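Take a look at the structure below.
The values are calculated or read from the model by the stated rules, or taken from the named source; none is laboratory data. Model, not experiment: these values are computed from the prediction. Positions of Cβ are backbone-derived with ideal geometry, glycine not excepted, and every protein chain shown enters the neighbour counts. These accessible areas exclude ligands, DNA and RNA; they are computed on the full protein's heavy atoms, side chains included. Shrake-Rupley method; radii C 1.70, N 1.55, O 1.52, S 1.80 Å.
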Amino acid sequence: MVNTLSHLGIGLLIALAFGFKGKKRNALGFLAILPDLDFIPYILFALISGSVSHETRNQLFYLLGHREFLHSILFILLVTLFIWFKTKDRLFTATGFAAIFSHIYLDYATSWKMRPFYPFSTETSTLGAIYFFDPLANILPLLPVFVLVVAYMKSRGKWKGKFNDFCAFVTKKRSKLYPGLLIVLVVWLAVLPVAKLFFVNYISGAEGAKISYQDTYPSSVRKFISAYSYNSTHYRIMEISYWSGIERSDYIEKVNLIGAVSDASVYIERTEKLYSTAVPQEIDYPVYSVSEENGSVTVTLSDARDQYVKYWAYFKTVYRFVFEKEGEEYIAYASEPGEREERLDKNWFE
């Protein structure tokens, strides 16, 4: 989850590395942030999602949701085809593809699952190899942004006498500077997923268990959170460092019964089935807390890893289902850390 300004910087870096100026340079910068404009259709989705059927809601989410269709391979190809038909410029089309691909790759390589093959598949996946506050991925792309800001301010007669040495250095070295920075960034972003693969395989061997590559997420530049099903009742949660191995671990109960709850397994199964029909499917290691009070059974569903990271981009939502003991009615709620609990529309679930 690289910030939008850094996405813009990567687009500009690609443009400057290939010698584009003016409108074409600006267009490449825009293409690098284009997928994040999905917040506009997402507003529309939020307005109408409660008044449509469950199936329609899901399909609209795939089309209009954040990091959904506008972050798919099909969208990249459609935009690239549009650029080609509009310009017939091979180099600009190729760099346009690179600009928009850079955005989607960075989002895919951080810590949020996406549906890159929609509409051909609604399965989610991620590389989850790059920390979303990674210094190199976030800070290095700011250099071309800063260069253009300085140039703009000087063209307006401001900042006279400031950054003169910096501007002279950039002007003198730009034929090598921008391609060099782009190569450094590309190598860094290509190496990290491979390093994670070796890392996950090593931990799998050390634990004697199959550790999921996709469900292992960076919690800092050098640390990952990983988990696996230890036995029928517990998950093993680990915080692992590239340098020192497992630094923290715990066993989390899959089911927590609060008091005596009759037919708890029935309500857990109902919760599991309901949640499986909803989007966006944030939870990989479900934990159920079950309690009974005043003729109703409450099941709280969360992810076993959510207590390990305070600021997280994924699996942080907690769902709460309140079932009537007499009948099939239920009410569902969702909440995130520090936010008010929200009652969910019935069409969230099938």
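Structure notes:
- Every listed requirement among (1) in contact with a helix residue (DSSP H, G or I) (Cβ under 8 Å, 6 or more places away or on another chain); (2) closer than 22 Å to Lys316 by Cβ; (3) surrounded by fewer than 17 Cβ atoms within 10 Å (Cβ to Cβ); (4) of a type outside the set (A, V, I, L, M) is met by Glu123 save one, (1).
- Where a residue in the range 335-350 is over 17 Å from Thr277 (Cα atoms) and its partner, wherever it lies, is at pLDDT below 90 and among the basic types (Lys, Arg), with Cβ under 6 Å and at least six apart: Glu336/Lys316
- Selected residue (only one of Phe20, Phe45 is part of a helix (DSSP H, G or I), more than 11 Å from Pro144 (Cα to Cα) and modelled with pLDDT of 90 or more): Phe45
- Top-ranked residue in the range 271-291 [being in a helix (DSSP H, G or I), in contact (Cβ under 8 Å) with a residue 40 or more places away in the chain and closer than 21 Å to Ala227 by Cβ; ranked as least open to solvent (accessible area, probe 1.4 Å)]: Thr271
- Filter result for the condition that a residue is open to solvent by less than 70 Å² (accessible area, probe 1.4 Å), in contact with a Pro (Cβ under 7 Å, 6 or more places away or on another chain) and under 30 Å from Tyr42 (Cα atoms), over Leu301, Leu344: Leu301
- Any hit, the range 323-331, residues being open to solvent by 30 Å² or more (accessible area, probe 1.4 Å), under 28 Å from Ala46 (Cα atoms) and in a loop (DSSP other than H, G, I, E, B): yes
- The condition (being free of Cβ contacts under 8 Å to residues at least 60 places away in the same chain, open to solvent by less than 40 Å² (accessible area, probe 1.4 Å) and not aliphatic (A, V, I, L, M)) is satisfied by just one residue among Pro41, Pro35: Pro41.
- Within the range 128-154, the set of residues being modelled with pLDDT of 85 or more and buried (at least 19 other Cβ atoms within 10 Å of the Cβ) comprises Gly128, Ala129, Ile130, Tyr131, Asp134, Ala137, Asn138, Leu140, Pro141, Pro144, Val147.
- Number of the exception - Asn294 against (1) more than 30 Å from Ala46 (Cβ to Cβ); (2) in contact (Cβ under 8 Å) with a residue 12 or more places away in the chain: (2)
- Matching option when the condition is of a type outside the set (Phe, Trp, Tyr) and either surrounded by 21 or more Cβ atoms within 10 Å (Cβ to Cβ) or more than 30 Å from Tyr131 (Cβ to Cβ) (or both), among Thr110, Thr80: Thr110
Let's see how each residue does on (1) at pLDDT 90 or above; (2) touching a Lys or Arg at 6+ places or on another chain (Cβ under 8 Å):
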{"residue": "Leu301", "(1), (2)": "yes, yes"}
{"residue": "Val318", "(1), (2)": "yes, no"}
{"residue": "Tyr333", "(1), (2)": "yes, yes"}
{"residue": "Arg343", "(1), (2)": "yes, no"}
{"residue": "Lys346", "(1), (2)": "no, no"}
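- Taking the criterion of being without any contact (Cβ under 8 Å) to a residue 12 or more places away in the chain and either of a type in the set (Val, Ile, Thr) or open to solvent by less than 50 Å² (accessible area, probe 1.4 Å) (or both), the residues of the range 170-218 that qualify are Thr171, Leu177, Gly180, Ile183, Val186, Val187, Val191, Val194, Ser204.
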